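To keep things clear, I will list the structure first and then write my remarks on it.
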Amino acid sequence: MRHPKFIPLLVSCALAGCGGGGGNGGTNPPPTPVLTSVTLSKSTATLRPTESTTITATPKDQNGNAMSGQTVDWTIAPTSGVVSIAPSGASVTVTGTALGQATLTATVQQKVANATITVQNSFPSSADIAVGAGGANAFDPQAVDIAAGGTVNFNWNGVTHNVTWQSPPVSVSNIADRSSGTVSVTLNTAGTYNYQCTLHAGMSGTITVH
């Protein structure tokens, strides 16, 4: 009697079941945020005596992203005579006390940012702002200070932009899209007037009326 031949079976190794090339198919975790810099909401401010402004510090990581949970230390030099400060976490209220100039410093883990604070009695009655000079999507200068009742002249330079106010202290008429000419705006009420060109992201400016 002849016995049937045994036929060896070839067992395939399923890719999912066998060990091999390493890696579990996952992605590497993102790098741990590392404090790299500190930025301030204002790098300069001009005040009358008794006037105040608020400045906020933003700690940022190596990718430029804001980092929460950081302690901000605020100092002023000289320590007396020009301004007083009232820190509140990442923000500080700065009040003019005497004529002169001081440096405000925000420190987070040895990373620093400075703002120059000037205290003066008088402000100009007018200011000129170039709109899109040289083809840039920018207002130049980006920040101006004028006395209450003063006038700001927006001067266009051949490229279409607008001036759209962002929650001003009092109602101000927006300036529609245009590419040439000058539009003058008189501001009688003290406060901060933020504005932007809605056609171009990041094109913004500030007028402070004293």
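Read-outs: derived from the displayed coordinates by stated rules, not from any lab. Predicted model, so just to flag it, every value in this text is computed and none were measured. Quick reminder, even Gly has a Cβ in these numbers, built from the backbone with ideal geometry, and neighbours come from all protein chains shown.
See the values below:
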| read-out | value |
| --- | --- |
| Simple Cβ-charge dipole of the chain, Lys/Arg +1 and Asp/Glu -1, about Cα centre, in debye nearest 20 | 980 debye |
| C-alpha center-to-center spacing [the stretch 36-69, the stretch 172-192] in angstrom | 27 Å |
| Inter-label distance for Thr44 and Ala136, nm, one decimal - labels placed 7 Å from Cα along Cα-to-Cβ | 1.4 nm |
| Correct choice for Rg/Rh (Cα atoms, Kirkwood Rh) that was computed from the model, options (i) 1.03; (ii) 1.39; (iii) 0.95 | (ii) |
| Residue with peak Gaussian network fluctuation, the chain [Cα springs, cutoff 10 Å], from Ala90, Ala136, Ala45 | Ala136 |
| Projected label distance in nm at Ala148 and Thr164, using a 7 Å step from Cα toward the beta-carbon | 3.0 nm |
| Antiparallel content of DSSP bridges confined to the stretch 126-209, in %, to 5 | 65 percent |
| Point-to-point label distance, Thr32-Thr118, nm (Cα→Cβ direction, 7 Å offset) | 4.4 nm |
| Pairwise FRET efficiency - His200 versus Thr107, Cβ, R0 = 30 Å, nearest 0.05 | 0.30 |
